[in-house]
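Some notes on the structure that comes next.
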Amino acid sequence: MTTDAGSDHDVTVDPDDLRRFVTDAFVATGVPEPDAVLLADTLVVAELWGHVSHGVIRLPWYLARLRTGATRAVTTVETVRDAGSVVVLDGHDGIGQVVTQRAVETGVERARRHGVAAVAVRGSGHFGTAAYFTRQVAQAGCIALLATNASPAMAPWGARTKLVGTNPWSIAAPGPDGEALVLDLANTAVARGKVYVAADRGEPIPSGWAADAEGNPTTDARAALEGLILPMAGPKGYVMSFMFDVLAGVLTGSAFGADVVGPYRPTGRSGAGHLLIVLDVAAFGPRDEYDERVARLVDEVHAADPAPWSDGALVPGELENRARVATERTGIRLSPSAWQQLRAVADDTGATLPTATSPTKPTTRERN
């Protein structure tokens, strides 16, 4: 049944319908259609994977930055240095997803030519989920490491001043049966977007995720957003995040540390940088040998005796694959607040809202 637009319950929408709506909203804001299609797909795929924090909750943020000109609606990517296997790109404050897609295409092409490639990106912005891009590299028969920096979220270990970003990174490699093996994580105890999701829903966050502005542990999502996101694994998370800022920010000629501006701020140059490293599997030996070895590794993990609380071990990326299959069948579930935000976007842009229905069965929710 169709749900009342003012419903205080979760609603579900068809993924393709949502993708069309998001594309139309970006086009109405001046983004060229091919770029709008890519940008919409990154948000919808995040929802399909169960990563709500990187889904349509970010749509109003991106639109606000486009309207103020903090992000340029028409993205121009310039090659500022070309040393064969090393390329430096400048996105000139364009859309992060569009700039990173160019980096992926360049990285794969150069890795096939040289065996290895490094693509540095400056003048970019938030690109959504890193795995969206590293998976493409894996499907092209290469291994990718993609690092980015982000606006300050945590304090250096031993301090309480917010100076270090979550600085997420992803590694993807070809796996069996055409699937990719994928790691995608932030160096904090949790991605900051998940705290935004909890605040949006009016829900508490787990202990150990964050501290308030005074540095005291908190389970209040809004207090956490004003305070600090805690590093994963204590000082290890801090030093990892610091070093990825060296790779993605300092090395690439981008902003770094406290100078990076996040996507939730409507004004201010992002300055985000990225570093993509691509390895051509075939340059290291016969591809069939790699395929046999990686399949054996995956089989060993799947054959491991399950723990009492588990129905079996998974390899990196498998959980998202399962979530996507399930969510494409049941539809994408949106909170009342998220639905109200999409209604506001429809009013502002003239894009036609997706048809919303009441959920009839559980859907995969976001992992902690």
- Message: Residues to consider are Val121, Val56, Val88; find the one that is buried (at least 24 other Cβ atoms within 10 Å of the Cβ) and assigned by TED's automatic domain parsing to the domain that holds Leu276.
- Response: Val121
- Note on the structure: Subset of segment 55-87, residues at pLDDT 95 or above and part of a helix (DSSP H, G or I), comes to Val56, Arg58, Leu59, Pro60, Trp61, Tyr62, Leu63, Ala64, Arg65, Leu66, Arg67, Thr68
- Query: Any idea which of Val22, Val45 is in contact with a Phe, Trp or Tyr (Cβ under 9 Å, 6 or more places away or on another chain), outside the structural domain of Gly91 (by TED's automatic domain parsing), part of a helix (DSSP H, G or I) and not charged (D, E, K, R)?
  - Reply: Val45
- Output the residue which, of all residues in segment 266-309 that are of a type outside the set (A, V, I, L, M), in a loop (DSSP other than H, G, I, E, B) and more than 27 Å from the chain's Cα centre (by Cα), is farthest from Val137 (Cα to Cα). Pro308
- Item | Selection status of Thr134, assigned to a helix (DSSP H, G or I) and either acidic (Asp, Glu) or touching a strand residue (DSSP E or B) at 6+ places or on another chain (Cβ under 9 Å) (or both) | yes
- Message: Between a residue in segment 307-333 that is over 28 Å from Val13 (Cα atoms) and any residue that is modelled with pLDDT of 95 or more, which pairs come within a Cβ distance under 6 Å, given they are 6 or more apart or on different chains?
- Response: Gly312/Pro306; Ala313/Val301; Ala313/Ala304; Val315/Leu181; Val315/Val298; Val315/Val301
- Task: Keeping to segment 119-131, report how many residues are in a strand (DSSP E or B), among the β-branched types (Val, Ile, Thr) and under 18 Å from the mean Cα position of the chain (by Cα).
- Result: 1
- Restricting attention to segment 221-240, which residues are in contact with a helix residue (DSSP H, G or I) (Cβ under 9 Å, 6 or more places away or on another chain) and of a type in the set (D, E, K, R)? Arg222
- Task: Give the residue, chosen from Arg329, Arg324, Arg343, that is modelled with pLDDT of 95 or more and buried (at least 17 other Cβ atoms within 10 Å of the Cβ).
- Result: Arg324
- Task: Starting from residues that are in a helix (DSSP H, G or I) and touching a residue at least 40 places away in the same chain (Cβ under 8 Å), keep the ones in segment 28-40 and report whichever is farthest from Ala180 (Cα to Cα).
- Result: Ala28
- Is one or more of the residues making up segment 144-158 in the same structural domain as Gly249 (by TED's automatic domain parsing), outside any strand (DSSP E or B) and within 19 Å of Arg102 (Cβ to Cβ)? yes
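When the residues of segment 159-177 are filtered to those that are part of a loop (DSSP other than H, G, I, E, B) and without any contact (Cβ under 8 Å) to a residue 12 or more places away in the chain, which remaining residue is surrounded by the most Cβ atoms within 10 Å (Cβ to Cβ)?
Only one residue tops the list, namely Ala159.
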- Message: Within segment 178-198, does at least one residue satisfy the condition of being surrounded by fewer than 20 Cβ atoms within 10 Å (Cβ to Cβ) and part of a loop (DSSP other than H, G, I, E, B)?
- Response: yes
- Query: Counting just the residues of segment 199-250 that are under 23 Å from Ser335 (Cα atoms) and among the β-branched types (Val, Ile, Thr), which one comes out surrounded by the most Cβ atoms within 10 Å (Cβ to Cβ)?
  - Reply: Ile205
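Return yes when Gly253 is closer than 30 Å to His114 by Cβ, assigned by TED's automatic domain parsing to the domain that holds Val164, surrounded by 15 or more Cβ atoms within 10 Å (Cβ to Cβ) and in contact with an Asp or Glu (Cβ under 7 Å, 6 or more places away or on another chain) and no when it is not.
Numbers: closer than 30 Å to His114 by Cβ: yes; assigned by TED's automatic domain parsing to the domain that holds Val164: yes; surrounded by 15 or more Cβ atoms within 10 Å (Cβ to Cβ): yes; in contact with an Asp or Glu (Cβ under 7 Å, 6 or more places away or on another chain): no.
Taking the combined requirement at face value, the residue does not satisfy it.
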- Is it fair to say Val108 is part of a strand (DSSP E or B), surrounded by fewer than 24 Cβ atoms within 10 Å (Cβ to Cβ) and assigned by TED's automatic domain parsing to the domain that holds Thr252? no
- Query: Here are Val104, Val11: which of them is in contact with a Phe, Trp or Tyr (Cβ under 6 Å, 6 or more places away or on another chain) and either over 29 Å from Val278 (Cα atoms) or of a type outside the set (A, V, I, L, M) (or both)?
  - Reply: Val11
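The values are calculated or read from the model by the stated rules, or taken from the named source; none is laboratory data. In this text the structure is predicted, and so the values were computed from the model without any measurement. All Cβ positions, even for glycine, are placed from backbone atoms using ideal geometry, and neighbour counts span all protein chains on display.
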